[in-house]
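Bear in mind these aren't lab numbers, they're just calculated from the coordinates by the rules spelled out. Predicted model, so just to flag it, every value in this text is computed and none were measured. All Cβ positions, even for glycine, are placed from backbone atoms using ideal geometry, and neighbour counts span all protein chains on display.
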Amino acid sequence: MRDGMPVVVTVREVIDETPTVKTLRFDSEFAIRPGHFCMVWVPGIDEVPMGFSSPGSITVQKVGEATAALTSLTPGDRIGIRGPFGNGFTPNGRVLAIAGGVGVVPLYPLAVNGSVDTFILGARTGTELVFARELSDLTDLKIATDDGTAGYHGFVTGVMDSEIDLLSYDTICVCGPEMMMKGILDRLSDAGIADRGQFSLHRYMKCGVGVCGSCTIDPEGLCVCRDGPVFTGDQIINSEFGTYARDASGQRKRV
Amino acid sequence: MRDGMPVVVTVREVIDETPTVKTLRFDSEFAIRPGHFCMVWVPGIDEVPMGFSSPGSITVQKVGEATAALTSLTPGDRIGIRGPFGNGFTPNGRVLAIAGGVGVVPLYPLAVNGSVDTFILGARTGTELVFARELSDLTDLKIATDDGTAGYHGFVTGVMDSEIDLLSYDTICVCGPEMMMKGILDRLSDAGIADRGQFSLHRYMKCGVGVCGSCTIDPEGLCVCRDGPVFTGDQIINSEFGTYARDASGQRKRV
Amino acid sequence: MITLLKDQVSVGGVDLDNHLILAAGVLGTTGASLSRMRRQGAGGVVTKSIGPVPKEGHAGPCLIPLAGGLINAMGLPNPSRNFVPELETLSGEPVVVSIFGGTPAEFGEVASWFEGIAAGFELNLSCPHAEGYGAAIGSNPAMVRACTEEVAAFGRPTWVKLTPNVTDIGSIGRAAEEGGATALVAINTVRAMRISIDLRRPVLGNRFGGISGPMIFPIALRCVYDLYEACSIPIIGCGGVSSAADTIEMMMAGASAVQIGSAVYDDSSVFKTIADELYSPDGVPAAEIVGCAHA
Amino acid sequence: MITLLKDQVSVGGVDLDNHLILAAGVLGTTGASLSRMRRQGAGGVVTKSIGPVPKEGHAGPCLIPLAGGLINAMGLPNPSRNFVPELETLSGEPVVVSIFGGTPAEFGEVASWFEGIAAGFELNLSCPHAEGYGAAIGSNPAMVRACTEEVAAFGRPTWVKLTPNVTDIGSIGRAAEEGGATALVAINTVRAMRISIDLRRPVLGNRFGGISGPMIFPIALRCVYDLYEACSIPIIGCGGVSSAADTIEMMMAGASAVQIGSAVYDDSSVFKTIADELYSPDGVPAAEIVGCAHA
Ligand SMILES: Cc1cc2nc3c(=O)[nH]c(=O)nc-3n(C[C@H](O)[C@H](O)[C@H](O)COP(=O)(O)OP(=O)(O)OC[C@H]3O[C@@H](n4cnc5c(N)ncnc54)[C@H](O)[C@@H]3O)c2cc1C
Ligand SMILES: Cc1cc2nc3c(=O)[nH]c(=O)nc-3n(C[C@H](O)[C@H](O)[C@H](O)COP(=O)(O)OP(=O)(O)OC[C@H]3O[C@@H](n4cnc5c(N)ncnc54)[C@H](O)[C@@H]3O)c2cc1C
Ligand SMILES: Cc1cc2nc3c(=O)[nH]c(=O)nc-3n(C[C@H](O)[C@H](O)[C@H](O)COP(=O)(O)O)c2cc1C
Ligand SMILES: Cc1cc2nc3c(=O)[nH]c(=O)nc-3n(C[C@H](O)[C@H](O)[C@H](O)COP(=O)(O)O)c2cc1C
Ligand code: FES
Ligand code: FES
């Protein structure tokens, strides 16, 4: 067993990405592959999973107590990082990336390292688009907003249906709200290319290292933290994915 | 910390060396240097220090309970070995080896690997000489017996005084009863070459690895098991060596 | 190394496919996860400990790997009665339901939910970091006996899992035996903690927790050895087992089978890995080695 | 890493040259050996435990290194009163004499031999493998209090060393405090054993013993943390300390100083090695970090 004590990092810079999303840049970097995540220890509050938006940063949306604390940190504050964890994306050939909301976080390093040809970025509204400017320099970027305030008016799946030749991509990397990802998986499946999809899943995580079992998915009992978080479409097509998940106590709840 | 559980070996062969000394040859070999020793676990009885007479054997004189048990083992019996331990001899140039009784054990591998030019082997009586035949093939062997039944009539120091040009040797390796070793150290010291002497000491040992402190010698507090068992003459000339030692309880007793 | 003959294994009334059982709380939160461990070679599985009401567990960090072990304070997260449907696809399998509670009646209530479903029960009287549960009860012989009696009354195999964090584990084992336990499981995690020196605070959300994994193997072995002398029901050795040699060593100390938890961290197929090395056609019958180090 | 300011250190009435003390029974059998540890950087030393009569200790094997720790059952070998002359060359040095006995009177008798010689006493109420001594007494609060009172009556600094092998170490610590202890030392070794599977028997001559070294660090840390909350006299942390970081972590848990034993196995100059890293001119005062993880 390797020592996995949290590495304490100091926040160097806090970048406002959107009204609810901030990037925290640390004083140290981690040896990540795109799609890796970490467990972020917010002292006195909790430890929560977060994707790496770069080797030295996380990008956090405020949704509850831990994320509220994270998004109110200022330079000089310290947090603990365990990781990098997980398998990460393994793209090959022509790559399409599809992100919804902060789902863009694990996909962003993939674009930064030049792996992504086309990027579909969705958000509720224009001001909530994360990394849009950077991504337009790095990829052929297509934007979708639920309210039409920027790009395509509707969901990312609408862009897929109207503007994308799915079969021309060898790998489709996806991260976002589960129902969005489910919609994409259905389309890949209909096109007979579920295996080209790489989906970064979210499940309730406690240990992050494949021991506690809180993040396992039915029916194979795979651990999202260790066997994932990235799964191919054919791995999850006949699973709980898109239907239910489990909360902190292990009780099922609809997604 | 390295795992140091005893390695269990099977006795393959038992060789009668003298009426009181037997060699136990194992089914496995250890990576030894001449002068290394091991802790020999005699199940149900005790664990005692023994020199290696070869990478795969020990040579034991019956003096008490543990050695009585060891010398009555037969092929197929099993014992535990921890080691090799200690520093071993570090001969250079022309080498004189001087052994008394089973003190020959740690010096024998030195002769086998061709390092010894002259060997003075002493014993109480002719039948108690250990490895004499082998040593006469390997070295210029000189024998001394207390009762004159073989070789020089007297102690090994008598041979030194009468037949040896001490200054012509760069290293003098010694093992035997402490008073014998003391006599040799005195002679080296008188000749101004105490530093050429390498003496393999005996002290009560419990752990064998420099932790328990039972084998330490005054006044430096060196551990015979770890800093030794081989010390140069100048290291021990102003020490308890030749005067007293400690028993299992740590009480001093004259040697 | 010595190997075992693969044969029928039955411990404390539960029939197992081999001597290697998944320990409670490790990859045992869902039916699917338990099934996976079975597929990956576990001869039997123990569920996450189930309590009288759903619990979310302690705030994180909940588990930290160390060199040589894992330190955790999960805080007994569990879905309570909602765990029942998880076991639907596992009927007939050697699934032992781990139970915790604050009173004998709570133990009994939880057991009743699984009466027709579980191959047996395991009483968690030993979790070292849940106020009022686990070890808080498990260090009191009278409580141990009362809780055991309550669950044993169902007439199903009743294993009692003990904490090492007591002055005399033998007296606790005897209390469980008197209460009708069919086997003892030793041990749960050892009270422990770590501090982040950079943040100057304990690293677990709960401040302290328990340690498992190779670091506690010599401690667990000693508990099994002591219980073998103090009690006469079968013992299941648990704590730091991660190899076939460890399994044999536990059995020689007195264990009729072993449970394995933390070792899944290094190898999620650890059961198969161990079984492949542990069994051979010319192995010895387990009965020959169980407790042989007491001779 | 955070460093400490090198300053006067006084713990429970004993003045030390730094925060790093040689633990009892490790290279502490002779005056020469204790002196050597002082020369190699120990800020103070504790002797091998001395008892009312000479003892040879258990039959071997007495100590076995494991990956991550040492397991031992020395059996308290000691020269008893003949140890007195060993300390002749150490007068005025921070040498604490460790004492064991079977009754309060025996503790008092041994202490009397060293009255004018020792910088302080340490009561070994915690050795886990000596019938009728050590932990056999140290798990009974009334006995702990009585033995402590007997030795504290000499008016010299009186440290009491505790065993982790109890249900509630806090209550034992309080008993020592009530008996007049000036400091607590936590912990002695943790009950443990190993078996040779080839020989089918326990590997220690005494069958079982105690484990020390890195494996027990998280256990010792927790004991220190618990004692800091339960008691108000200084605590000396002991168990698995082998680096400057470990020292800081122990201090944050509540230790005013640390004792180091097993770490000499990997590095006989471990005191110097640690001190070189632990202290710096711009370090923080120890008082700032002792117990800071309780905030
Ligand atoms: C692999 C992975 C990568 C993630 N990457 C990012 C990221 O890069 N940026 C980002 O903003 N968010 C990310 N998330 C989501 C993030 O973990 C949650 O938003 C966060 O845990 C919420 O915590 P809270 O205390 O603020 O909210 P709470 O009020 O505690 O919970 C709000 C919701 O967040 C989720 N959540 C809470 N705790 C956890 C947990 N321990 N594990 C999983 N989900 C939890 C639950 O769905 C919960 O209902 C990721 C999640 C996972 C599993
Ligand atoms: C480094 C070293 C190498 C040795 N090599 C050999 C060797 O190659 N061949 C050989 O025959 N003998 C060797 N000895 C001596 C051997 O260890 C003792 O003869 C043996 O321990 C006696 O044990 P016993 O139970 O038979 O005798 P006991 O009756 O227990 O004791 C007889 C005497 O042996 C010595 N002794 C006993 N136990 C120990 C112990 N644990 N450590 C050290 N001395 C002890 C004491 O002087 C004691 O008075 C060596 C000793 C040392 C220290
Ligand atoms: C993450 C984790 C969760 C655990 N949860 C439980 C539990 O719910 N009930 C229980 O009785 N033991 C629980 N344990 C203890 C284990 O079942 C086992 O007793 C302990 O880990 C020692 O075995 P090991 O070294 O093989 O892991 C848990 C251990 C870990 C590491
Ligand atoms: C070989 C050995 C001998 C010991 N002898 C004693 C002893 O005589 N008295 C005592 O109080 N503790 C004794 N101990 C326990 C140590 O003092 C210490 O409490 C324990 O080893 C934990 O510290 P460590 O991990 O730094 O070794 C001994 C430990 C070892 C390894
Ligand atoms: S979070 Fe614990 S197994 Fe995945
Ligand atoms: S025998 Fe233990 S220190 Fe040498």
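For this structure, a couple of remarks:
- Radius of gyration and Dmax over the Cα atoms of the protein assembly as shown, both given in Å: 33.3, 113
- Residue of chain B nearest the B-to-A rotation axis [by Cβ], rounded angstrom distance: B:Met1, 8
- In terms of its C-alpha gyration tensor, the range B:7-85 has a rounded overall shape, because the principal axis ratio a/c (a ≥ b ≥ c, square roots of the eigenvalues) stays below 1.5.
- Neighbourhood net charge (11 Å Cβ-Cβ; Lys/Arg +1, Asp/Glu -1) for C:Leu204: +3
- R0 of 30 Å, Cβ-Cβ distance A:Met179-A:Asp147: FRET efficiency to nearest 0.05: 0.95
- Label distances, nm, B:Asp247 versus same residue in remaining copies, Cβ-directed 7 Å point: 7.3
- Between B:Val60, B:Val159, B:Val102, the Gaussian network model of chain B with springs among Cα atoms under 10 angstrom shows the greatest mean-square fluctuation at B:Val159.
- The Kirkwood radius of chain D, taken over pairs of alpha-carbon atoms, gives through the Stokes-Einstein law at 4 °C and 1.567 mPa s a diffusion coefficient of 70 µm² s⁻¹.
- Environment charge of A:Asn238, counting only residues whose C-beta is closer than 11 Å and scoring Lys/Arg +1, Asp/Glu -1: -4
- Whole-Å distance, taken between Cα centres, linking the range C:247-286 and the range A:196-255: 29
- Inter-label distance, B:Asp234 to C:Ser269: 6.1 nm, where each label sits 7 Å from its Cα along the C-beta direction.
- Charge context of A:Asp165, other residues only, Cβ under 12 angstrom, K/R +1, D/E -1: -2
- All C-alpha to C-alpha distances of the range C:79-218, sorted into 10 Å bins beginning at zero, yield P(r) values of 12, 39, 32, 14, 3, 0 percent in whole numbers.
- Mean ellipticity per residue at 222 nm, deg cm²/dmol - from DSSP H runs of n ≥ 4 across chain A, formula -39500 (n - 2.57): -5000 deg cm²/dmol
- Label geometry 7 Å along the beta-carbon vector: C:Leu5 inter-copy distances in nm: 7.3
- Computed from the Kirkwood radius of its Cα pairs, the Stokes-Einstein diffusion coefficient for the range A:88-151 at 37 °C and 0.692 mPa s stands at 283 µm²/s.
- Over 24 Å (Cα to Cα) - which of A:Lys253/C:Lys161; B:Lys62/B:Lys206; A:Lys22/A:Lys142; B:Lys206/D:Lys272; A:Lys22/A:Lys253 fall in this group: A:Lys253/C:Lys161; B:Lys206/D:Lys272; A:Lys22/A:Lys253
- With the convex hull of its Cα atoms as the shape, the range C:1-143 has an orientation-averaged projected area of 10.4 nm².
- Note: relative contact order over the range A:7-85, using C-alpha pairs below 8 Å and six or more positions apart, is 40 percent.
- Chain B: most fluctuating residue of B:Arg12, B:Arg94, B:Arg133 per GNM, C-alpha cutoff 10 Å: B:Arg133
- Among C:Pro94, C:Pro164, C:Pro202: highest mean-square fluctuation, GNM of chain C, C-alpha pairs under 10 Å: C:Pro202
- From helices alone, chain C scores -8000 deg cm²/dmol at 222 nm; the rule is -39500 (n - 2.57) for each run of n ≥ 4 DSSP H residues, then divide by the residue total.
- Label-point distances for D:Glu93 to the equivalent site in the other copies, using a point 7 angstrom along Cα→C-beta, read 6.4 nm when ranked shortest first.
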